[in-house]
Ligand code: C5J
């Protein structure tokens with residue numbers, strides 16, 4: 001099996017070796033009153049990818065293939081949040097402060113929930129992550145190894161921050177990654193475009209880039 005992609009078709013040995021990775025589609029980044037908003041971003045533009053992420057989620061559920069969603073968040077005592085991360089940004093609210101959706105970027109708070117449109121089913125795994133990358137200080141790699149996953153289809157927000165960091169971490173660990181270009185979004189269109197171009201430049205230095213339709217044409 002091959003998914004049409006850049007820089008060349010993405011080889012998929014078996015659907016059972018692939019997982020859908022949905023990065024940080026949480027209220028903190030997508031809804032007004034969260035971390036993204038506090039940093040001065042126009043959060044509404046991230047909503048454009050929701051239908052495509054839903055289509056991928058639906059297909060993976062239909063074929064009973066593994067799905068992992070992440071949320072960026074910290075322990076209530078912020079013991080896993082480096083002071084450098086909390087101090088950075090000069091936003092109107094800092095990590096741990098109380099905003100309209102509870103404490104900013106703290107695990108379990110209302111703002112830390114995945115948006116209702118993509119709510120995980122009870123048996124689906126949510127990976128809390130304290131950093132930008134989904135492998136740093138998380139259980140993700142253990143889950144992937146347990147299931148024999150070698151290939152990751154990566155979606156979510158934001159393209160050049162947590163999504164790209166995760167793709168690079170995965171690449172260094174030997175995973176074959178495809179970034180789904182219309183299922184990832186950024187507050188900055190130019191940064192998204194640059195990320196899409198750089199990850200698949202040089203013959204796929206970090207991996208592949210393809211569309212939701214490309215992925216679904218292969219799975220359906
Ligand atoms: C950010 C993320 N932008 N999920 N997190 O801080 O990209």
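No lab work stands behind these numbers, since they all come straight from the coordinates. Bear in mind that the values here come from a model prediction, so they are computed numbers and not experimental data. Counting neighbours? That spans all protein chains shown, and the Cβs are built from the backbone with ideal geometry, glycine included.
Would you please give the FRET efficiency between residue 190 and residue 88, computed as 1/(1 + (r/R0)^6) with r the Cβ-Cβ distance and R0 = 22 Å, to the nearest 0.05?
0.55
Roughly what angle does helix 50-62 make with the longest principal axis of the chain, taking Cα atoms, 0 to 90 degrees, to the nearest 10?
Taking Cα atoms only, the helix is inclined about 60 degrees.
One-quarter of the Cα convex hull surface for the chain, in nm²?
11.2 nm²
Defining a contact as two alpha carbons under 8 Å apart and six or more residues distant in sequence, what relative contact order in percent does the chain show?
Relative contact order, the chain: 28 percent.
Name the residue, out of 125, 18, 53, whose mean-square fluctuation peaks in a Gaussian network model built on the chain with Cα pairs under 10 Å.
125
With everything on Cα atoms, drop me the angle between helix 189-204 and the longest principal axis of the chain, reported from 0 to 90° to the nearest 10.
That helix lies at roughly 40 degrees to the long axis.
Which residues in region 158-175 have a backbone N closer than 11 Å to a point placed 7 Å from the Cα of residue 39 along the Cα-to-Cβ line?
158-163
Of 110, 122, 189, which has the largest mean-square fluctuation in a 10 Å C-alpha GNM of the chain?
122
Mind jotting down the distance between the C-alpha centroids of region 1-50 and region 54-115, whole Å?
So the two Cα centres are separated by 14 Å.
What residue among 167, 25, 101 shows peak mean-square fluctuation when the chain is described by a Gaussian network model with Cα springs under 10 Å?
Comparing 167, 25, 101 in a Gaussian network model of the chain, the most mobile one is 101.
Rounded, prolate or oblate: which one fits region 99-197, using the alpha carbon gyration tensor with axes a ≥ b ≥ c (rounded when a/c is under 1.5, else prolate when a/b beats b/c, else oblate)?
oblate
In what sequence do 77, 37, 213 fall when counting other Cβ within 10 Å, fewest first?
Listing 77, 37, 213 from fewest to most nearby Cβ atoms yields 77, 213, 37.
From Cα pairs below 8 angstrom and at least 6 apart in sequence, can you work out the relative contact order of region 138-188, rounded to a whole percent?
Details: 50 pairs, mean separation 22.0, N = 51.
43 percent.
Counting only DSSP beta bridges with both residues in the chain, what percent are antiparallel, rounded to the nearest 5?
Within the chain, antiparallel bridges account for around 20 percent of the total.
In what order do 187, 63, 10 fall by count of nearby beta-carbon atoms within 10 Å, going from fewest to most?
Neighbour counts put them in this order, fewest first: 63, 187, 10.
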